[in-house]
Amino acid sequence: MPKSAKPNILYIHSHDTGRYVQPYGYQVPTPNIQLLADQGVLFRKAFCAAPTCSGSRASLLTGQYCHNNGMLGLAHRGWSLNDYGEHLVHPLREAGYRSVLIGEQHISEDPAVIGYDEVIDVDSHHAGDIAPISIDALRTASEPFFFSVGFFETHRQFRAPTSVRDSLYSLPPSNLPDTPDTRRDMAAFKASARSLDQGIGAVLNGLHDFGLTERTLIICTTDHGLAFPAAKATLYDRGTGVMLIMRGPEGFTGGKVYDSMVSHLDIYPTLCDVAGAEHPPFLQGTSLLPLVRGETERIHDEVFTEVTFHAAYEPTRAIRTERWKYIRRFDDNQHPVLANCDDSASKEALVEAGWADQIVGTEQLYDLTLDPAEARNLAEDATHSEVLAELRDKLERWMEETDDPLLDGPVEVPPGAVVNQPGQASPNDPLQSGSPA
């Protein structure tokens, strides 16, 4: 296998994991992910650009917000990129990389249109099936390579809890009640996280066995937050916060932890820099290299996130600074959109308690220092009117600068796409096409 002066790139990613892994302090044993953090670089405040399965990946792999790259909904429900030629594999190919797709990708119903040099067909995207295939592909890979290895875990349905102890004692996310059902639900998540970690560990071991470790940059991340109520598909930190651990050449070593905010949008320009590729003019992120090299303490004063469609229409935009979060809804619905929350025992507990009848503010303002759980909406508190006005103005300016279609009114469902209606209770309810109204 020929060696290259350019580092190989391994993009290894999961579903719905958020930051609920061992190196972020949670009691979810993931020793292989912990090893990556110990040897590499961990970003404590990394955020996706959109907390939906297709939107997050599309933004990471095009370096653009969803309303710019076209992925305003879910690929398996009929959305697609405006231009698959803007995918990361294309500038990497020009820089001499050979790209391979294995497992989950979630940005096209037909993976052949994306532009990978090789798409390895697999029947299952579970870690136990994807890891051996990935190892076999690494064994004969031409360098430099870009590998995308996508695991289904920790998407629902979760695996069954693997111990009585987990079922009895696992602590659910802090925004959920602590009950036997939510503890068991969290125990099932932990079982899936263990499977994910084992798959990652197997691939890391393959890199080691083939002598590729020192010359491979690893990006280990997930699409968005946990598939629990008020997390995935929301713009709270528990929906947009993601694990992001990188290990390898160009300074991604030493067990360093960064607390400044970064975005998935920053990965594309970073990999262009690492690969010696030109930055396409459409990129909307910032390279991580100045941060990792100690040339700056932060690369963002604020990050922006968005949702338009998940299972159902829920047009929402947000700006986050180190201290504040401002969220704005752009429709008349005042209640939670239950169809945008995956079905689970935890969801049932909240629905039985009246979750569907709760009022959701059109504008929400949170003090992330005094209220990190984003539980006290300060938007109507007169003492915070200046902060509210400033963040509202910044969000509107960002929407204008990026030509957000919401500025022109409701976003229509594209031809051939299907959605749930906002009033439906489950993403498994009957689907409809046409207007989101």
Exercise for review: Please find, in a Gaussian network model of the chain (springs between Cα atoms separated by less than 10 Å), the residue of E94, E386, E297 whose mean-square fluctuation is greatest.
Suggested key: E386
Exercise for review: State to the nearest 20 debye the size of the charge dipole of the chain about its Cα centre, where the only charges are +1 on K and R beta carbons and -1 on D and E beta carbons.
Suggested key: 1320 debye
Point to revise | Span-rule helices in the chain, defined as complete DSSP H runs reaching 30 Å or more along the axis (Cα) with Kyte mean at least -0.5 | key: 180-209
Review point. Which FRET efficiency value, to the nearest 0.05, do you get for A112 and H279 by plugging their Cβ-Cβ distance into 1/(1 + (r/R0)^6) with R0 = 30 Å?
Key: 0.65
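Name the shape class, rounded, prolate or oblate, that the alpha-carbon gyration tensor gives for the range 52-174, where a ≥ b ≥ c are the square roots of its eigenvalues, rounded holds for a/c under 1.5, and otherwise prolate holds if a/b is larger than b/c and oblate otherwise. Could the numbers behind the result be given before it?
Values: a/c = 2.40, a/b = 1.38, b/c = 1.73.
Oblate shape, in that a/c is at least 1.5 and b/c is the bigger or equal ratio.
Report the relative contact order of the range 192-346, percent, no decimals, based on alpha-carbon pairs under 8 angstrom and at least 6 residues apart.
Numbers: 204 pairs, mean separation 28.1, N = 155.
RCO, the range 192-346: 18 percent.
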Practice item. Just the number, please: Stokes-Einstein D of the range 101-240 in µm²/s, Kirkwood Rh from C-alpha pairs, 10 °C, 1.306 mPa s. Key: 95 µm²/s
Check your understanding: Of A50, A275, A58, which is the most mobile in a GNM of the chain whose springs link Cα atoms less than 10 angstrom apart?
Key -> A275
Point to revise | Selection from I319, N377, Q364 lying farthest towards where the dipole of the range 264-380 points positive, charges on Cβ | key: I319
Review point. Taking 0.36 nm per intervening residue step and subtracting the Cα-Cα distance, what contour gain separates D123 from E352 on full extension?
Key: 78.7 nm
Exercise for review: Sort all Cα-Cα distances of the range 203-243 into consecutive 5 angstrom bins from zero, then give the percent of pairs in each bin up to the one containing the longest distance.
Suggested key: 6, 23, 17, 9, 9, 11, 13, 10, 2
Point to revise | Rg over Rh [alpha-carbon atoms, Kirkwood Rh] for the range 238-302 | key: 0.94
Review point. Of all the accessible heavy-atom surface of the chain, with the other protein chains kept in place and a 1.4 Å probe, what percent is carbon and sulfur?
Key: 48 percent
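Helix-only mean residue ellipticity at 222 nm, the chain, DSSP H runs n ≥ 4 weighted -39,500 (n - 2.57), per residue, nearest 500. What is it?
Details: 12 runs with 120 residues, N = 437.
Value at 222 nm, helices only, nearest 500: -8000 deg cm²/dmol.
Within the chain, count lysine pairs with alpha carbon atoms under 19 angstrom apart where the residues are 8 or more positions apart or belong to different chains.
Numbers: K45/K232; K45/K256; K45/K325; K190/K232; K190/K347; K232/K325; K232/K347; K325/K394.
Value for the chain: 8.
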Check your understanding: Across 5 Å bins from 0, what is the distribution of all Cα-Cα pair distances for the range 193-283, in whole percents?
Key -> 3, 10, 16, 19, 20, 17, 10, 4, 1
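Can you work out D for the chain in µm² s⁻¹ from Stokes-Einstein, where Rh is the Kirkwood radius over C-alpha pairs, the temperature is 10 °C and the viscosity is 1.306 mPa s? Mind showing how you got there, number by number?
Numbers: Rh = 21.9 Å.
The diffusion coefficient I find is 72 µm²/s.
The values are calculated or read from the model by the stated rules, or taken from the named source; none is laboratory data. Values in this document were obtained by computation on a predicted structure and should not be read as measured data. Counting neighbours? That spans all protein chains shown, and the Cβs are built from the backbone with ideal geometry, glycine included. Keep in mind that these areas ignore ligands, DNA and RNA; they rest on the heavy atoms of the full protein, side chains included. Shrake-Rupley method; radii C 1.70, N 1.55, O 1.52, S 1.80 Å.
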